[in-house]
């Protein structure tokens, strides 16, 4: 069954649906995947999800290329033998070897030094590993997923990234959408983060005010999902009552709303832009699932009870057979 993760699959925007469908389509195959998108959009989560849904029984091995000192990259990727260099007091397998029968995730691939790019390309061509200081090689079965927040095509033009390596990595490209491109997903993500942190900090009966949700939906989110997650955690920690109010937000995110929303069914023409997006997504999921609430909930990445509640909230009517939705 296609599993979901809150950060990646907790949404129903067209761009995110496309990501899920692409990952699902390539999960059982072996080509290299290149995930690109802004920082904080969930690239490692996408890579991890791809690994989980694959037929690979080996480990998921993540490597942040930007965090490794240049002189250690080759050793970390390919391993080394005892005495290969000063401080190598024992033999050590590299990440390429440790990921045998699994997935090697190379994050921030654009930060890789040109000299090492050639060695990575050679590895991708024959999947053989030769440890530093060794004359022996070993063949491994590894699926490589790379990620970047930089335009690699521009780096190729500037001579900072090998063109042959770029095309070797770019077999299956996946673009992670920025959070500002999927405003309808923000309430779902925010509430999932709220549930997690409320439980962690033992503040179980917390909720967002309508003004806060509207502010979250209209903010540009330069730090994307990671920024939203950090903000919700901070709000929960600093909260003193059952409702997270607009005063809990940073000043640049505060917005004014005209009036408090009624908790009853929404009347036509009274929906905010955020609510309209949410209603449209629910209707589309019900049509796609032929009115099956459970399937619609799975498609949206929420519980069936949430779908029932939103159907009532937005007065989404079913047809005479009780299956396909019509807009009330």
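If you average the alpha carbon positions of region 165-208 and of region 26-41, how far apart do those two centres end up, in angstrom?
Comparing the Cα centres of region 165-208 and region 26-41, I get a distance of 17 Å.
Expressed as a whole number of Å, what is the distance separating the alpha-carbon centroids of region 87-113 and region 119-149?
Each part's Cα centre sits 8 Å from the other's.
What is region 179-260's relative contact order, in percent, from Cα pairs under 8 angstrom and six or more apart in sequence?
38
Once you order the gyration tensor axes a ≥ b ≥ c over the Cα atoms, which shape class does region 137-193 get: rounded for a/c under 1.5, otherwise prolate or oblate by comparing a/b with b/c?
oblate
Using the alpha-carbon atoms, what tilt in degrees (0 to 90, nearest 10) does helix 186-200 show relative to the longest principal axis of the chain?
80
As a test of understanding, state the convex hull volume per residue of the chain from its alpha carbons, in Å³.
Taking only Cα atoms, the chain has a hull volume of 170 Å³ per residue.
Would you compute, from DSSP H runs of 4+ residues alone, the mean residue ellipticity of the chain at 222 nm, taking -39500 (n - 2.57) per run and dividing by the full residue count, rounded to the nearest 500?
For the chain, the value works out to -12000 deg cm²/dmol.
If packing is taken as the mean number of other Cβ atoms within 10 Å per residue, what is the order of 36-46, 166-176, 92-102, highest first?
Packing order, densest peptide first, comes out as 36-46, 92-102, 166-176.
Defining a contact as two alpha carbons under 8 Å apart and six or more residues distant in sequence, what relative contact order in percent does the chain show?
19
By the gyration tensor of its Cα atoms, with a ≥ b ≥ c the square roots of the eigenvalues, what is the shape of region 179-260: rounded for a/c under 1.5, prolate for a/b over b/c, or oblate?
It comes out oblate by the Cα gyration axes.
Please report Rg over Rh for region 6-177, where both radii come from the alpha carbon positions and Rh follows the Kirkwood definition.
0.98
Cα atoms only, region 101-160: Rg and Dmax in Å?
13.1, 37
How much of the DSSP bridge set in the chain is antiparallel, in percent, rounded to the nearest 5?
DSSP beta bridges in the chain are roughly 25 percent antiparallel.
Read-outs throughout are calculated quantities, based only on the coordinates presented, and are distinct from any laboratory measurement. Here the structure is a predicted model, which means the values were calculated and not measured. Neighbour counts are summed over all protein chains in view; Cβ atoms, including those assigned to glycine, are modelled from backbone coordinates with ideal geometry.
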